[in-house]
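Here's the structure we're looking at; comments come further down.
The values are calculated or read from the model by the stated rules, or taken from the named source; none is laboratory data. What you are looking at is a predicted structure, and each value in this text was computed from that prediction instead of being measured. Positions of Cβ are generated from backbone atoms using ideal geometry, with glycine treated the same way; all protein chains shown enter the neighbour counts.
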Amino acid sequence: MEKTKDEKGMKTAIFAGGCFWGVEYFMQQEEGVISAVSGYIGGTVMNPTYEEVCTLPTGHAEAVKVTYDPSKVSYESLAKVFFEIHDPTQEDGQGVDIGDQYRSEVFCETEEEAETIEKLIGILKSKGYDVVTKISEATIFYPAEEYHQKYLELKGIEPECHFRIKRF
């Protein structure tokens with residue numbers, strides 16, 4: 001695995017935890033996050049559309065690609081936020097959003113990221129959480145259609161299926 005890093009030293013992380021609107025909403029509020037982009041990852045169709053992901057067996061998860069400044073926030077801190085803003089014990093969905101595209105999964109770009117996620121899952125399991133979050137190697141991330149970007153912020157509404165619960 002090779003980590004994506006741009007010329008300015010920013011890094012990326014990819015999290016899938018239910019509807020991407022809620023994950024994006026919370027991630028973009030974190031100090032050190034440069035951008036949070038809703039999109040699709042982990043499937044078999046090139047350039048999938050929202051309609052395809054929701055109606056066909058494409059295998060994609062709704063996910064958010066977070067670009068962050070590692071001098072201001074760590075990957076581990078962002079991963080903890082991820083585990084606190086969705087229910088990592090609910091398989092194939094979050095709240096009323098049910099389906100494989102809403103699964104809990106972290107798409108790692110390095111071995112260090114995978115080790116961090118394994119460590120955090122271990123901590124949650126030791127606290128009694130039956131975590132179902134999958135750990136996968138990052139593949140091609142396809143940004144979602146423009147109307148999905150910053151959806152909740154632009155509509156002036158709060159997430160319905162995501163809220164923060166202190167777990168660490």
Pairs with Cβ under 7 Å, 6+ apart, first in the range 38-50 and under 11 Å from A61 (Cα atoms), second at pLDDT below 95 and of a type in the set (D, E):
Y50/E145
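Considering only the range 73-104, state which residues are among the acidic types (D, E) and touching a Ser or Thr at 6+ places or on another chain (Cβ under 6 Å). So that I can check it myself, show each step before the final result.
The first filter runs over the range 73-104 and keeps only residues among the acidic types (D, E), leaving 76, 84, 87, 91-92, 97, 100.
Once the filter is applied, which keeps residues that are among the acidic types (D, E) and touching a Ser or Thr at 6+ places or on another chain (Cβ under 6 Å), the range 73-104 yields only E76.
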Working only within the range 88-120, note down all residues that are under 24 Å from C161 (Cα atoms), assigned to a loop (DSSP other than H, G, I, E, B) and over 13 Å from the mean Cα position of the chain (by Cα).
T89, Q90, E91, D92, G95, V96, G99
Within the range 148-167, residues part of a helix (DSSP H, G or I) and either in contact with a strand residue (DSSP E or B) (Cβ under 8 Å, 6 or more places away or on another chain) or within 12 Å of G22 (Cβ to Cβ) (or both) come out as H148, Y151, L152, E153
Could you count how many residues in the range 121-138 are touching a strand residue (DSSP E or B) at 6+ places or on another chain (Cβ under 9 Å) and either exposed (fewer than 13 other Cβ atoms within 10 Å of the Cβ) or not in a loop (DSSP other than H, G, I, E, B) (or both)?
5
The range 69-88 residues that are modelled with pLDDT of 95 or more and among the hydroxyl-bearing types (S, T, Y), paired with ones that are surrounded by 15 or more Cβ atoms within 10 Å (Cβ to Cβ) and part of a helix (DSSP H, G or I) (beta carbon under 7 Å, 6 or more apart):
Y75/E113; Y75/T116
What pairs can you find where one residue is in the range 98-110 and at positive phi, the other is part of a strand (DSSP E or B) and among the small types (G, A, S), and their Cβ atoms are less than 8 Å apart, with a gap of 6+ or different chains?
G99/G93
Could you grab me the full set of residues in the range 139-168 that are hydrophobic (A, V, I, L, M, F, W, C) and surrounded by 16 or more Cβ atoms within 10 Å (Cβ to Cβ)?
F141, A144, L152, C161
Residue count, the range 4-18 (criterion: at pLDDT below 95 and basic (K, R))
2
Any hit, the range 30-51, residues being surrounded by 15 or more Cβ atoms within 10 Å (Cβ to Cβ) and part of a helix (DSSP H, G or I)
yes
Output for Cβ contacts, cut-off 9 Å, separation at least six or different chains, first residue closer than 14 Å to V96 by Cβ in the range 152-168, second surrounded by 12 or more Cβ atoms within 10 Å (Cβ to Cβ) and among the β-branched types (V, I, T), reads P159/V23; P159/I85; H162/V23; H162/I85; F163/I85
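Which count do you get for residues in the range 55-87 that are in a loop (DSSP other than H, G, I, E, B) and surrounded by 23 or more Cβ atoms within 10 Å (Cβ to Cβ)? Walk me through how you get there before you give the answer.
First pass over the range 55-87, keeping only residues in a loop (DSSP other than H, G, I, E, B): 56-60, 69-74, 86-87.
Narrowing the set further to residues that are surrounded by 23 or more Cβ atoms within 10 Å (Cβ to Cβ) leaves 60, 86.
Result for the range 55-87: 2.
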Among the residues of the range 102-141, how many are farther than 16 Å from E76 by Cα and not β-branched (V, I, T)?
14
